[in-house]
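Student: Would you mind keeping the following structure in view while I ask a few things?
The values are calculated or read from the model by the stated rules, or taken from the named source; none is laboratory data. The model shown is predicted, which means the values in this text are computed figures rather than measured ones. Every residue, glycine as well, gets a Cβ built from its backbone with ideal geometry; the counts of neighbours run over all protein chains shown.
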Amino acid sequence: MNIAESHDTRLSLHEQAVRQFHEAADIMDLNPDFRVILEHPKNEVIVNFPVRMDSGEYRSFRGYRIQHNNLLGPYKGGMRFSPHVDLDEVKALATWMTWKSALCDIPFGGGKGGIAFDPRDHSRTELERIVRRFTHALGANIGPDHDIPAPDLGSNAQSMVWMMDTFANSTASANRQSVKGVVTGKPIESGGSLGREKATGQGVLFAFQHWCDETNTDLAGLRVAIQGFGNVGSNVGRIFEVYGATVVAVADHTGAVINNDGLSAFDLADHVVDTGGVAGFAGATEASNDDFWAADVDVLVPAALENQITMDNVDSIQAKLIIEAANGPTTPAAELRFLENGGEVLPDILVNAGGVVVSYFEWLQNKSSQPWALDVVDNKLRETLLAASDRTVLAKGNYGCTRRQAAYVVALDKLERVYDQRGIFP
């Protein structure tokens with residue numbers, strides 16, 4: 001079977017996610033009754049809400065909250081603020097969240113949401129009104145034991161505080177102090193967790209270290225390219241640099257920069273904060289996107305959006321390892337070609353699960369009203385991701401499948417066993 005036959009590049013993002021699910025379900029012979037349940041989200045919430053702009057006029061916004069599965073625990077997933085947010089995208093992202101939680105053995109399900117708008121086009125006061133109106137429109141569709149949002153593309157810790165405060169002030173006064181866990185990714189002062197901001201990047205490191213130990217590879221000295229240099233990409237770059245890797249090339253929405261002798265991820269992160277992107281960074285030479293994909297590196301870390309590695313650029317990639325810090329950055333056809341070319345992919349539902357794992361830790365801290373020290377958070381995250389990596393490697397060996405398929409098998413096996421135990425009510 002050739003690539004065109006096995007993976008239609010015209011599939012939507014959600015169709016790609018469902019295709020990956022069925023591939024793993026076939027490998028493990030998943031109960032067909034549970035396939036019916038897991039193929040589609042349980043709930044699709046769409047809200048349209050008006051917001052007063054600074055000019056005094058009103059504008060209507062559309063928001064989404066997709067609740068894929070809550071068998072293992074409350075729905076969990078980020079809120080994305082981007083003009084590209086649509087129903088198909090958030091359905092795919094919510095589906096992947098279910099697999100992440102199950103793979104990492106944490107008591108959460110999968111959810112995702114967002115608003116279709118560009119936050120960069122709005123003042124702080126407009127952003128606050130948009131987020132608060134969205135939260136109010138969602139109403140009881142979210143809650144600390146029902147559905148727990150978190151930051152994602154375009155949103156941040158401040159967005160989460162506005163959501164939390166709006167939800168709390170819509171709750172009976174006697175219960176307002178007990179609902180801080182309605183969102184995670186909050187600032188420390190408002191109930192957030194130490195280590196949450198860097199959690200996804202930190203988790204990428206732990207998953208990468210596991211692969212290095214598995215393959216007898218020395219992380220120090222490896223040459224790395226990173227696509228996307230926001231919260232995740234910048235933390236990956238700085239953490240990898242601390243552990244001895246050399247960041248050679250970085251690209252984002254403003255362009256690409258390359259320094260074959262290595263660039264400072266710390267200086268570049270400061271530059272991005274000051275200017276909004278990597279373009280113009282004095283510590284490297286500006287390059288084309290084609291040059292970025294073809295950079296002479298050992299490791300490529302896509303840390304931006306989905307469908308970035310495609311059949312149009314996969315054959316240019318010199319790296320032998322793709323570490324998916326973003327959700328769905330590699331199309332199925334491109335992944336198959338990359339594997340055929342001798343490369344390997346560390347899949348997103350394992351690699352970038354650090355965010356949801358530390359969100360779980362934040363949720364626990366909110367429930368107990370007891371903060372954890374940073375070393376406790378980091379050590380527990382490391383234990384969780386190394387255990388998930390162990391389970392993935394074991395399944396890969398048992399089933400003779402790809403690493404992505406193995407990660408899915410681990411997640412689906414957990415869900416299947418719980419469905420077997422609990423059944424379907426009534």
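Student: What do you reckon, is L153 out of contact with any Cys (no Cβ under 9 Å at 6 or more places or on another chain) and farther than 23 Å from Q67 by Cβ?
Tutor: Values: out of contact with any Cys (no Cβ under 9 Å at 6 or more places or on another chain): yes; farther than 23 Å from Q67 by Cβ: no.
No: the conditions fail for L153.
Student: Quick check on the range 315-371: of everything there that is touching a Gly at 6+ places or on another chain (Cβ under 8 Å) and of a type in the set (V, I, T), which residue is farthest from T384 (Cα to Cα)?
Tutor: Among those residues, the one meeting the criterion is I317.
Student: In the range 167-188, which residues are more than 25 Å from the chain's Cα centre (by Cα) and either on the phi > 0 side of the Ramachandran plot or in contact (Cβ under 8 Å) with a residue 12 or more places away in the chain (or both)?
Tutor: Residues satisfying the conditions are A168, S170, S178.
Student: Only one residue in F61, F81 is within 20 Å of A326 (Cα to Cα) and either surrounded by fewer than 16 Cβ atoms within 10 Å (Cβ to Cβ) or not charged (D, E, K, R) (or both), so which one is that?
Tutor: On the way: F61 fails: within 20 Å of A326 (Cα to Cα).
Sole residue among the options that is within 20 Å of A326 (Cα to Cα) and either surrounded by fewer than 16 Cβ atoms within 10 Å (Cβ to Cβ) or not charged (D, E, K, R) (or both): F81.
Student: Residue check: is T135 over 17 Å from the mean Cα position of the chain (by Cα), surrounded by 24 or more Cβ atoms within 10 Å (Cβ to Cβ), part of a helix (DSSP H, G or I) and not hydrophobic (A, V, I, L, M, F, W, C)?
Tutor: Details: over 17 Å from the mean Cα position of the chain (by Cα): yes; surrounded by 24 or more Cβ atoms within 10 Å (Cβ to Cβ): yes; part of a helix (DSSP H, G or I): yes; not hydrophobic (A, V, I, L, M, F, W, C): yes.
So T135 fits the description; yes.
Student: Under the condition of being at pLDDT 95 or above and assigned to a loop (DSSP other than H, G, I, E, B), which residue from the range 170-190 is surrounded by the fewest Cβ atoms within 10 Å (Cβ to Cβ)?
Tutor: Across the range 170-190, the extreme among qualifying residues is P187.
Student: Test F361 against the criterion of being over 14 Å from T200 (Cα atoms), of a type in the set (A, V, I, L, M, F, W, C) and either more than 18 Å from the chain's Cα centre (by Cα) or in a helix (DSSP H, G or I) (or both), and give yes or no.
Tutor: Details: over 14 Å from T200 (Cα atoms): no; of a type in the set (A, V, I, L, M, F, W, C): yes; either more than 18 Å from the chain's Cα centre (by Cα) or in a helix (DSSP H, G or I) (or both): yes.
Answer is no for this residue.
Student: Looking at the range 123-148, which of its residues are in contact with a helix residue (DSSP H, G or I) (Cβ under 7 Å, 6 or more places away or on another chain) and either farther than 18 Å from G230 by Cβ or acidic (D, E) (or both)?
Tutor: The initial filter retains those residues of the range 123-148 that are in contact with a helix residue (DSSP H, G or I) (Cβ under 7 Å, 6 or more places away or on another chain), namely 127-128, 131-132, 135-136, 142-144, 147-148.
Within the range 123-148, E128, V131, R132, T135, H136, I142, G143, P144, D147, I148 qualify.
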